[in-house]
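Reading through the structure tokens given below for one structure.
The values are calculated or read from the model by the stated rules, or taken from the named source; none is laboratory data. As the structure is a prediction and not an experimental result, all values here were calculated from the model. FYI the Cβ positions are ideal-geometry reconstructions off the backbone, even for glycines, and counts take in every protein chain you see. Accessible surface is based on the protein model in full, side chains and every heavy atom, while ligands, DNA and RNA are left aside. Shrake-Rupley method; radii C 1.70, N 1.55, O 1.52, S 1.80 Å.
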Amino acid sequence: MKLQLNDNFARIKPSYLFSDVAKRVRAYSEAHPDKKILRLGIGDVTLPLTPTVIRAMHKATDEMANAATFRGYAPEYGYDFLREAIARHYEQLGISVDAGDVFVSDGAKSDLGNFVDLFADVPVLVPDPVYPVYVDSNLMAGREIEYIEGNEANGFLPSPAGLSDVPRLIYICSPNNPTGAVYSKRGLTEWVEFALRTGSLILYDAAYEAFIADGSPCSIYAIKGAVKCAVEFCSLSKTAGFTGTRCGWTVVPAALGAVKPMWERRQATKFNGVPYVVQRAAEAALSWEGTKECMENIAYYKENAARIADLLTRKGIPFTGGTASPYLWLKCPGGMGSWEFFDKLLNEAQVVGTPGAGFGRAGEGYFRLTAFGSRAATREAVERLDKLL
Ligand code: PLP
């Protein structure tokens, strides 16, 4: 082939964090086939879809088998029944979102990556450490990235204090992956006020909002003025175990002016909708019964998190997260580097976590454990780490 490729791809790291982790784990298990490896690394759920969701999927599948109820292409922005269910979900949080501003997606990752199609070569502000998709999708598009550091001093919740007044695309993830830190209303208000003052746009990732239980905002729209300066990405992946089922949504308020019609145009051109069966499953997950079941699953993961948190506390290892988040973000003991600690846990306890350095420069020296494992695996991992650390 003689065509010139997009050089910007050379700016991103050649392999994705989780592929690196998987490669090391594979090499270890090939060399030690007798060892049982416990995975507290990747943020994938382990509990199955709930009964209400499964019932809705079966019913929708039966509809697809009958000519009278069969559905072809779904509307690009989502079926009204789901857009309205999502608007009701916000209503239950005390937030008013117009169903017409809701765009059903096949998960938050796609839209987070795709949304940057709408912008020219604008400045981008990304917290560090953070979910790698924000960085990579902007690098692929040729943009420069300015980082704002999360650290122990700011509780891994950077604020806009001290930033210049340049308008930017600003990424915020709360509860944060990987640190588990959650912005308070005051913290988010500072960002909204900054965005309004500077003409910036906040891209708010609320993928873990269902884990919040302490009254912190579950949505950027809990903050006054946010409809004029923020787009919100949300997902049923962690809320309802949809990592393999694939459904989420993006809220693009009409109050943002040109942004919403551009997103409509982009989606109508490049996206053909989420399967009917999946949208019915999502509607069920957001129903009263579905929400109740999902919250029971989240309570199960939170109990795992509490067990890991208890271990870290007993060992005197500083950490954030684990209460309003499935993630625990700990400081590697003894000044160890992230990958050094990864190798130690893999080699000496056969426990797999995620090296903090994979989430950005400021993640070096930190490590992420997740509470998404089964209770038995979490218990066993905690016992092994108790002996090792
Ligand atoms: N946003 C954050 C912060 C995540 O951690 C993840 C997945 O791990 C996603 C978005 C992607 O979620 P989805 O499965 O909806 O694509």
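Take Gly72 and tell me if it is closer than 30 Å to Pro175 by Cβ and either part of a loop (DSSP other than H, G, I, E, B) or polar (S, T, N, Q) (or both). No, not satisfied.
In this entry, Gly215 passes the filter for residues that are under 22 Å from Met295 (Cβ atoms), assigned by TED's automatic domain parsing to the domain that holds Trp263, without any contact (Cβ under 8 Å) to a residue 24 or more places away in the chain and more than 19 Å from the chain's Cα centre (by Cα). With respect to (1) under 30 Å from Lys270 (Cβ atoms); (2) assigned by TED's automatic domain parsing to the domain that holds Ser137, the lone exception for Ser19 is condition (2).
Suppose the filter is in contact (Cβ under 8 Å) with a residue 60 or more places away in the chain, crowded, with 21+ Cβ neighbours inside 10 Å and within 13 Å of the ligand (Cβ to nearest atom); does Ala206 pass it?
Values: in contact (Cβ under 8 Å) with a residue 60 or more places away in the chain: no; crowded, with 21+ Cβ neighbours inside 10 Å: yes; within 13 Å of the ligand (Cβ to nearest atom): yes.
No.
Taking only the range 30-46 into account, find how many residues are open to solvent by 40 Å² or more (accessible area, probe 1.4 Å) and not in a strand (DSSP E or B). Please lay out each step first, then the result.
Just the residues of the range 30-46 that are open to solvent by 40 Å² or more (accessible area, probe 1.4 Å), to begin with: 30-36, 39, 42, 44, 46.
Pick out the ones that are also not in a strand (DSSP E or B) and you get 30-36, 42, 44, 46.
So the count comes out to 10.
Between Gly78, Gly107, Gly72, the distinction of being assigned by TED's automatic domain parsing to the domain that holds Ala282, out of contact with any Gly (no Cβ under 9 Å at 6 or more places or on another chain) and either modelled with pLDDT of 95 or more or at positive phi (or both) belongs to Gly72 only. Limited to the range 47-69, what total is found for residues that are outside any helix (DSSP H, G or I) and without any contact (Cβ under 8 Å) to a residue 12 or more places away in the chain? Adding up the residues that qualify gives 5. Just wondering, is there one or more residues in the range 56-68 that are in contact with a helix residue (DSSP H, G or I) (Cβ under 7 Å, 6 or more places away or on another chain), open to solvent by less than 80 Å² (accessible area, probe 1.4 Å), within 19 Å of Ser237 (Cα to Cα) and not hydroxyl-bearing (Ser, Thr, Tyr)? Within the range 56-68, one or more residues are in contact with a helix residue (DSSP H, G or I) (Cβ under 7 Å, 6 or more places away or on another chain), open to solvent by less than 80 Å² (accessible area, probe 1.4 Å), within 19 Å of Ser237 (Cα to Cα) and not hydroxyl-bearing (Ser, Thr, Tyr).
Could you say whether any residue in the range 251-262 is under 22 Å from the mean Cα position of the chain (by Cα), charged (D, E, K, R) and outside the structural domain of Ala299 (by TED's automatic domain parsing)? No, the conditions are met nowhere in the range 251-262. Here's a check for you: in the range 110-141, which residue that is of a type in the set (Phe, Trp, Tyr) and at pLDDT 95 or above is nearest to the ligand (Cβ to nearest atom)? The selected residue is Tyr134.
Being aromatic (Phe, Trp, Tyr) and within 20 Å of Lys35 (Cα to Cα) is the filter here, so list the residues in the range 333-381 that pass it. Passing the criteria: Phe341, Phe342. Is it true that Lys224 is of a type in the set (Lys, Arg) and either more than 11 Å from the ligand (Cβ to nearest atom) or part of a loop (DSSP other than H, G, I, E, B) (or both)? For Lys224, the condition - of a type in the set (Lys, Arg) and either more than 11 Å from the ligand (Cβ to nearest atom) or part of a loop (DSSP other than H, G, I, E, B) (or both) - is met.
One residue is enough: does the range 200-210 have a residue meeting the conditions assigned to a helix (DSSP H, G or I), outside the structural domain of Phe319 (by TED's automatic domain parsing) and among the polar types (S, T, N, Q)? Looking for residues that are assigned to a helix (DSSP H, G or I), outside the structural domain of Phe319 (by TED's automatic domain parsing) and among the polar types (S, T, N, Q), one finds none in the range 200-210, hence no. Highlighted here are the helices (runs of 4 or more DSSP H) found entirely within the range 231-324 that include at least 1 residues which are closer than 30 Å to Arg384 by Cβ and within 16 Å of the ligand (Cβ to nearest atom): 237-240, 288-314.
As a summary of the residue check, Leu330 satisfies the conditions (1) open to solvent by 10 Å² or more (accessible area, probe 1.4 Å); (2) of a type in the set (A, V, I, L, M); (3) touching a strand residue (DSSP E or B) at 6+ places or on another chain (Cβ under 7 Å) except for the one numbered (1).
Among all positions in the range 364-375, there is no residue which is in a helix (DSSP H, G or I), small (Gly, Ala, Ser) and buried (at least 17 other Cβ atoms within 10 Å of the Cβ).
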